[in-house]
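Single-structure report; data block below.
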Amino acid sequence: MLKDNEQLDDLQIKGLEIIQNKNKFRFGTDAVLLSAYAKIKPSGRCIDLGTGTGIIPLLLSVKTKAREIIGLEFQEDLCEMAERSVGHNKLDGRIRIIHGNIKKVQDLFGKETFENVVSNPPYMKNGSGFQSEDESIAMSRHEIMCDIEDIAKAAEFLLKDKGMLSMVHRPNRLVDVLSVLRKHSLEPKTIRFIHPYAYKAPNLFLINAQKNTQPFLKVENPLVMRRDDGEYTDEIYEIYGMERK
């Protein structure tokens, strides 16, 4: 099942395991936090835009009661890896991985056919900062194949009325995210900032935006990753399903 440079990683929840390539982009804390934060409708359909190796669909399959979870990914090798992870966990009847372009969701799915859209998109503008020479890693980190507007436009097309988009991003792109969401009829409803330590500025934020609803944004209590002694906080232990030793 495993190919060269691949390994099987234990997700430490309900026996789930994921295949990852040691030399390629691998999932991080942001994907785990998003899967815990997303307000997924029970018995609904959910799609993860830019699913990568399928980490978010795998986690949502045990954290939620979504009827069907689809992972959409442009990179064919990542799609194939995600499909193997789904099969390995015997979740073929619940999760589907589809190879496709976020910019062309109208060619792949019907309009307004999902209750939930989730996305952990590339954070950096194309051409900004250090860009990896590895094409796969570069596309995962930089807005080469899609940007915030592409995500919002796809979500507007896919979501039913009052459906929810859940996303994670960096605070320096907050204004971009808020303005683009509202432009595409996605009203920000809740936002939560993620702080590495209580005394440090946030380095991520989580947001839920609802389609075709009235303006009202609730800023939730911050989520702090680590205590002053460097240990994870109790909430992070809870999110990861770990027990403090």
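Key figures
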| item | result |
| --- | --- |
| Filter result for Lys200 (without any contact (Cβ under 8 Å) to a residue 60 or more places away in the chain, among the basic types (Lys, Arg), more than 30 Å from Gln75 (Cβ to Cβ) and part of a strand (DSSP E or B)) | no |
| Residue within segment 192-211 that is under 21 Å from Asn116 (Cα atoms) and surrounded by fewer than 18 Cβ atoms within 10 Å (Cβ to Cβ) present | no |
| Subset of segment 97-119 (residues that are part of a loop (DSSP other than H, G, I, E, B) and among the polar types (S, T, N, Q)) | Asn101, Thr113 |
| Single condition Lys162 does not satisfy, out of (1) at negative phi; (2) among the charged types (D, E, K, R); (3) loosely packed, with under 15 Cβ neighbours inside 10 Å | (1) |
| Selected residue [outside any strand (DSSP E or B), surrounded by fewer than 21 Cβ atoms within 10 Å (Cβ to Cβ), at pLDDT below 95 and small (Gly, Ala, Ser)] from Ser136, Ser140 | Ser136 |
| Pro122 outside any strand (DSSP E or B), closer than 24 Å to Pro171 by Cα and not charged (D, E, K, R) | yes |
| Segment 225-241 - residue that is of a type in the set (Asp, Glu) and part of a helix (DSSP H, G or I) and, of those, modelled with the lowest pLDDT | Glu238 |
| Conditions (1) touching a residue at least 24 places away in the same chain (Cβ under 8 Å); (2) over 29 Å from Lys111 (Cβ atoms); (3) part of a loop (DSSP other than H, G, I, E, B): number failed by Ile194 | (3) |
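Residues checked against (1) at pLDDT below 95; (2) out of contact with any strand residue (DSSP E or B) (no Cβ under 6 Å at 6 or more places or on another chain); (3) of a type in the set (D, E, K, R):
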residue: Cys146; (1), (2), (3): yes, yes, no
residue: Ala155; (1), (2), (3): no, no, no
residue: Gly163; (1), (2), (3): no, no, no
residue: Leu174; (1), (2), (3): no, yes, no
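The values are calculated or read from the model by the stated rules, or taken from the named source; none is laboratory data. Keep in mind that what you see is a predicted model, and the values were worked out from it rather than measured. As a convention, Cβ positions derive from the backbone with ideal geometry for all residues, glycine included, and neighbour counts pool all protein chains shown.
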